[in-house]
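Beneath this line is the structure, given in structure tokens, with notes to follow.
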Amino acid sequence: AERRRIWARSLPPSAPTGADLDLDFLAERFDISGGTIRNAVLAAAFLAAEASTPITMTAAVVALRRELQKLGRLVRPADFGPHAALL
């Protein structure tokens, strides 16, 4: 529950989000720190801005994968469950 709140609070209030953005999935599936969550949200926001789109699950998944790789964690598509195709 706390990770879910961090995901939600890390989104800029004025940032547009896509209907497919599944914060519950991200919070439940990935046991990561608040700092890593904030970094992933920021990276997702930049990816979305670059593409001129809302922050979507695609941007979140790509950004989170990058953050996990920076931490030296093994990242497998299976870790992203139904969202693995977004990688």
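Among all residues of region 15-32, there is none that is out of contact with any strand residue (DSSP E or B) (no Cβ under 9 Å at 6 or more places or on another chain) and hydroxyl-bearing (Ser, Thr, Tyr). When Gly81 is tested against (1) surrounded by fewer than 15 Cβ atoms within 10 Å (Cβ to Cβ); (2) free of Cβ contacts under 8 Å to residues at least 40 places away in the same chain, just one condition goes unmet, and that condition is (2). On inspection, Thr53 qualifies as open to solvent by 30 Å² or more (accessible area, probe 1.4 Å), assigned to a loop (DSSP other than H, G, I, E, B) and among the β-branched types (Val, Ile, Thr).
If you go through region 12-35 and keep only what is in a helix (DSSP H, G or I) and either among the small types (Gly, Ala, Ser) or surrounded by fewer than 19 Cβ atoms within 10 Å (Cβ to Cβ) (or both), you end up with Asp24, Phe25, Ala27, Glu28, Arg29, Gly34, Gly35. When restricted to residues that are in contact (Cβ under 8 Å) with a residue 12 or more places away in the chain and farther than 17 Å from Asp79 by Cβ, region 23-42 contains 5. Scanning region 36-50 for residues that are crowded, with 17+ Cβ neighbours inside 10 Å and out of contact with any Pro (no Cβ under 9 Å at 6 or more places or on another chain) gives Thr36, Ile37, Asn39, Ala40, Ala43, Ala44, Leu47.
The values are calculated or read from the model by the stated rules, or taken from the named source; none is laboratory data. The shown structure was predicted, so the numbers you read here are calculated from the model rather than taken from an experiment. Glycine also receives a Cβ, built like all others from the backbone with ideal geometry; neighbour counts cover every protein chain displayed. When the accessible area is computed, the model is the full protein with side chains, heavy atoms only, and any ligands, DNA or RNA have been set aside. Shrake-Rupley method; radii C 1.70, N 1.55, O 1.52, S 1.80 Å.
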